[in-house]
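Asks: Before I ask anything, here is the structure I am working with.
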Amino acid sequence: MNRALSRLYFGLIAAVLLAPLIVVAGVSLNERKRLLFPPQGFSLQWYGELFQDASWQNAVTNSLSIAALAALAACSIALPIAYALWRYRLFYARLLYGFGIAPFILPPVITALGYLIFWTQTGFYGQFWAVVVSHGIFLVTLPLITISLGFETIDPAYTEAAATMGADERTVFRTVILPMVLPYIVSGYAFAFVISLNEYIIAYMVAGFTVETLPIKVFNALRYGYTPVMAAVSVVFIGVSFAIFGLVAKFGDLPKLLGAWSPREE
Amino acid sequence: MSSIDRMPGRTGHRRALLVLAYPSVMLGIFLVLPFCILVALSFYYRVPGGTYEPAFVLDNFANLAKAFFVNNTVHTLSVAGIVAVLAVALAFPFTYRLTRLPRRKQIPWLIFVLVVLALSEVIIGFSWSVLLSRTAGVSNIPVWLGLMDRPMSFTPSGTAMLLGLTYLAFPYTVLVLYPPLSRLDPSLAEAARTMGASPVRAFFTMIVPVSRPAILAALIMVFVFTLGAFVIPQVLGRPQHWTLAVHITDQALARANVPMAAAMSLALLAASLLLIAVTVAIGKSRRAVP
């Protein structure tokens, strides 16, 4: 494609992708409790309300703690599978890998309904921990992919050297392998964290009426009465995503994490 | 590989199984078991009034053949198809050009795409409903310029829903296309150029045809992704635009007909699996024929 043409195309795509973000940011600054764009007046009170109002505060706490714990659970399940797949090449490890990827590829409404039924049957429907576990399993895919990539980058010469010097498997794992895959674990955690923070349907089906997360609260506000606080929440969410992905890119190789192959380094 | 690395034999296997014990238990209890219960429940008998009891009846699947569900399935599949085509058509040239940039310049774009990808469906639905609304939407621009008398609302409507879904699918499509396109040999386009093709022509006669398997795979992935959309059809569409995902939730929560919802989601699952199997088969045949 022509360079000027592709610049124009990039500009158009960027404009369309940005448009809703700009509108939401603008709406969040309205002085009165009305949906106006461009905003009338200037006020940061809706951001203040987000951090003071008890019910929004509660949703923030729920979302952050669910995301933090679910991402931890996802990594804890993904790491042994990725390790076993790399170290032993077992068919069984490949099977578990497939299970780990499946819920993320299929329409999430299926997973959501599965959990609704499962938690109802086991008597944990509507509980905080049910949401954590459901998100944890649903998001295993992300750390599984990044950590597997991490293992692929390890030069076998290192583990060999450690083994010839007398280190047993556990020591090799702790002193050689773990430090090398740690950046990939961290980025897997970051991806899972951000997606959990924004996930709606599973959280809604598992505990939508008892554990209110931010997306659920925003959706309820959307249906049952507008408040500019929801625009303020959206802006904060976008800021958090930018910060986390920015950090991943700063400390990791983002193109590689996303599947770019040849190391065409400049 | 070294002698200790990837050591087969009994000790190696035993250790591997030890390592895999915890993930097996977690995935077994919290992934495989819920799925089995879902399958079982789709055969349960629904007691009118909201409960269900164990049985082996095919009523729920028979209900799937009713006009309402058939029409809705056709509607859902067409919506997902249109969105998949739009998203891939828009994302392909974008992703191709992105992969041709130096890596350092790709990073800000990738961060941006990831941020949009992470946006909750709820936030996308909300922001587009603002953008298309009468009071705060795009129609205020022509009014301000004096081209229109009064602002108008474009939402809720089928078009608004398609727009929102395409927006939702776009970053996902970019990330699905990114790995295969970044592996395209840069000499391909150069060869076409030296033979006298203009850049645009080289793109359509060279890059698009060699990427056909990647395009097909992306179409199917985006199709399945869109099948799961749940919030946007409700926020930007009218009830007649609702997709299967909305109706499944509606059956389960509002109508308290869990067995019916289970049967519907299994039908959705079967359709998705079938399409993924096609994708995998295409991927395999691509590898077989160089």
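Asks: Going by the structure shown, is A:SER6 over 30 Å from B:ARG100 (Cα atoms) and out of contact with any strand residue (DSSP E or B) (no Cβ under 6 Å at 6 or more places or on another chain)?
Replies: no
Asks: Just to check your reading of the model, which residue among B:LEU266, B:LEU273 is in contact (Cβ under 8 Å) with a residue 40 or more places away in the chain, facing chain A (nearest Cβ under 10 Å) and more than 20 Å from B:GLU121 (Cβ to Cβ)?
Replies: Just one listed residue meets the conditions, B:LEU266.
Asks: Same structure again: Filtering region B:124-157 down to residues that are within 10 Å of chain A (Cβ to nearest Cβ), under 24 Å from the mean Cα position of the chain (by Cα) and not hydrophobic (A, V, I, L, M, F, W, C), which residue is nearest to A:ILE238 (Cα to Cα)?
Replies: B:SER127
Asks: Within region B:226-235, how many residues are within 11 Å of chain A (Cβ to nearest Cβ) and in a helix (DSSP H, G or I)?
Replies: 6
Asks: Right, another one. Please determine, by comparing only the residues of region B:122-170 that are more than 22 Å from A:TYR226 (Cβ to Cβ) and of a type in the set (Phe, Trp, Tyr), which one is surrounded by the fewest Cβ atoms within 10 Å (Cβ to Cβ).
Replies: B:TRP144
Asks: A follow-up question, please. Just give me the residues in region B:95-121 being within 19 Å of the chain's Cα centre (by Cα) and closer than 22 Å to B:SER187 by Cβ, in sequence order.
Replies: Once the filter is applied, which keeps residues that are within 19 Å of the chain's Cα centre (by Cα) and closer than 22 Å to B:SER187 by Cβ, region B:95-121 yields only B:THR95.
Asks: If you check every pair at least six apart or on different chains, which have Cβ atoms under 9 Å apart with a residue in region A:125-136 that is assigned by TED's automatic domain parsing to the domain that holds A:MET205 first and a residue that is among the acidic types (Asp, Glu) second?
Replies: Sorted first by the residue in region A:125-136, then by its partner, the pairs are A:HIS135/A:GLU199.
Asks: Right, another one. Name, by its number, the condition in (1) part of a loop (DSSP other than H, G, I, E, B); (2) under 27 Å from B:PHE126 (Cα atoms); (3) of a type outside the set (Phe, Trp, Tyr); (4) free of Cβ contacts under 8 Å to residues at least 12 places away in the same chain that does not hold for B:PRO142.
Replies: The number of the failed condition is (1).
Asks: Follow-up question, since we're still on this one. Can you find a residue in region A:42-49 that is buried (at least 18 other Cβ atoms within 10 Å of the Cβ), of a type in the set (A, V, I, L, M) and at pLDDT below 95?
Replies: no
Asks: (1) within 22 Å of the chain's Cα centre (by Cα); (2) surrounded by 21 or more Cβ atoms within 10 Å (Cβ to Cβ): which one isn't true of A:VAL27, the others all being true?
Replies: With (1) within 22 Å of the chain's Cα centre (by Cα); (2) surrounded by 21 or more Cβ atoms within 10 Å (Cβ to Cβ) applied to A:VAL27, the lone miss is (1).
Asks: Starting from residues that are modelled with pLDDT under 85, at the interface with chain B (Cβ under 9 Å from one of its Cβ atoms) and assigned to a helix (DSSP H, G or I), keep the ones in region A:1-19 and report whichever is nearest to the chain's Cα centre (by Cα).
Replies: Across region A:1-19, the extreme among qualifying residues is A:SER6.
Asks: To continue, here is another question. Take the residues of region B:1-22 that are more than 7 Å from every other protein chain (Cβ to nearest Cβ) and not in a helix (DSSP H, G or I): which is modelled with the lowest pLDDT?
Replies: Ranking the candidates gives B:SER3 first.
Residue-by-condition table, conditions (1) touching a Leu at 6+ places or on another chain (Cβ under 6 Å); (2) over 25 Å from B:ILE141 (Cβ atoms); (3) at pLDDT below 85:
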residue: A:ASN30; (1), (2), (3): yes, no, yes
residue: A:LYS33; (1), (2), (3): no, no, yes
residue: A:PRO39; (1), (2), (3): yes, no, yes
residue: A:PHE51; (1), (2), (3): no, yes, yes
residue: A:SER55; (1), (2), (3): no, yes, no
residue: A:VAL60; (1), (2), (3): no, yes, no
residue: A:LEU64; (1), (2), (3): no, yes, no
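Asks: Let me ask another. Kindly indicate whether any position in region B:213-225 is more than 23 Å from B:ALA40 (Cβ to Cβ), at pLDDT 85 or above and assigned to a loop (DSSP other than H, G, I, E, B).
Replies: Among the residues of region B:213-225, not one is more than 23 Å from B:ALA40 (Cβ to Cβ), at pLDDT 85 or above and assigned to a loop (DSSP other than H, G, I, E, B), which makes the answer no.
Asks: Oh, and also: Somewhere in region B:237-258, is a residue assigned to a helix (DSSP H, G or I), away from chain A (no Cβ under 11 Å) and surrounded by 19 or more Cβ atoms within 10 Å (Cβ to Cβ)?
Replies: yes
Asks: Within region B:152-162, is even one residue over 20 Å from B:TRP242 (Cβ atoms) and not aromatic (Phe, Trp, Tyr)?
Replies: Scanning region B:152-162, I find at least one residue that is over 20 Å from B:TRP242 (Cβ atoms) and not aromatic (Phe, Trp, Tyr), so the answer is yes.
Asks: Has region A:51-64 got any residue that is outside any helix (DSSP H, G or I), touching a residue at least 24 places away in the same chain (Cβ under 8 Å), closer than 29 Å to A:PHE128 by Cβ and within 14 Å of another protein chain (Cβ to nearest Cβ)?
Replies: Checked against the condition, which is being outside any helix (DSSP H, G or I), touching a residue at least 24 places away in the same chain (Cβ under 8 Å), closer than 29 Å to A:PHE128 by Cβ and within 14 Å of another protein chain (Cβ to nearest Cβ), region A:51-64 yields no hits at all.
The values are calculated or read from the model by the stated rules, or taken from the named source; none is laboratory data. From a predicted model like this one, the values you see are computed outputs, not experimental measurements. Methodologically, a virtual Cβ is constructed for each residue, glycine included, from the backbone with ideal geometry; neighbour enumeration extends over all protein chains shown.
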